[in-house]
Amino acid sequence: MTDYLAPQRYLPHEAPMCLLENVIEVTETSAHCQVKVSPDGVLAPFLNSDGALPGWFAIEIIAQTVGVWSGWHTMRAGEESVGVGMLIGGRGLRCPAGQFPAQTLLECKVTLLMSDEKIGSFEGEILADNRVMASGRVNTYQPDKNELKQLF
């Protein structure tokens, strides 16, 4: 069994923008992370008056799980710091309930569909109690240092 670092170690995000709490598993083609919808957790700043997380956060939770996958592989390859990845789009994103209820433990799982040096496509789903709460495909872009310099 592999011991994983906290999600923010694999992402270029600082609080409160890291929306994940635990890394459960990373493989060659997948990643699995968790976060609890709780007023004392990382999602607290984003909860509505009922203590629920709006469903549109699903795309960012899926994208950050992809970022954990990418960051873990970057660190495994010997790089000291993780790069910036960009979410360039989503397809078929659904969150039928429109929100994630208070006190729900969310399991986000992503599976690599296709990638090259810069572009990646991942199928993602967010589950609670083995029920799919949200799903969809995200496409990402990994700019190189020169491209980042031009952007910023």
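The values are calculated or read from the model by the stated rules, or taken from the named source; none is laboratory data. Because the structure is predicted, anything quoted here is derived from the model rather than measured. So basically every Cβ, Gly included, is an ideal-geometry build from the backbone, and we count neighbours across all protein chains shown.
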Residue pairs meeting the criteria (Cβ under 8 Å; at least 6 apart or on separate chains; first closer than 14 Å to Gly124 by Cα, in the stretch 16-31; second among the polar types (S, T, N, Q) and crowded, with 22+ Cβ neighbours inside 10 Å): Ala31/Thr65
Residue list for the stretch 21-66, filter: within 15 Å of Thr111 (Cβ to Cβ) and in contact with a Pro (Cβ under 9 Å, 6 or more places away or on another chain): Cys33, Thr65
Number of positions in the stretch 73-108 that are acidic (Asp, Glu) and modelled with pLDDT under 85: 2
Filtered residue count, the stretch 91-109, keeping only those that are surrounded by 17 or more Cβ atoms within 10 Å (Cβ to Cβ), closer than 20 Å to Trp69 by Cβ and not aliphatic (A, V, I, L, M): 3
Of residues in the stretch 1-50 being part of a loop (DSSP other than H, G, I, E, B) and among the hydroxyl-bearing types (Ser, Thr, Tyr), the one surrounded by the fewest Cβ atoms within 10 Å (Cβ to Cβ): Ser49
Residue in the stretch 63-77 that is out of contact with any helix residue (DSSP H, G or I) (no Cβ under 7 Å at 6 or more places or on another chain), of a type in the set (A, V, I, L, M) and over 24 Å from Tyr4 (Cα atoms) present: no
Which listed residue is on the phi > 0 side of the Ramachandran plot and part of a strand (DSSP E or B), from Gly124, Gly136, Gly120: Gly136
Matching option when the condition is of a type in the set (S, T, N, Q), within 23 Å of Tyr10 (Cβ to Cβ) and touching a residue at least 12 places away in the same chain (Cβ under 8 Å), among Gln103, Gln142, Gln99: Gln142
Selection from the stretch 110-128 of residues that are in contact (Cβ under 8 Å) with a residue 12 or more places away in the chain and surrounded by fewer than 19 Cβ atoms within 10 Å (Cβ to Cβ): Thr111, Leu112, Leu113, Glu117, Lys118, Ile119, Ser121, Glu123, Glu125, Leu127, Ala128
Matching residues in the stretch 90-117 - criterion: being over 22 Å from Leu47 (Cβ atoms) and either part of a loop (DSSP other than H, G, I, E, B) or of a type in the set (D, E, K, R) (or both): Arg91, Lys109, Asp116, Glu117
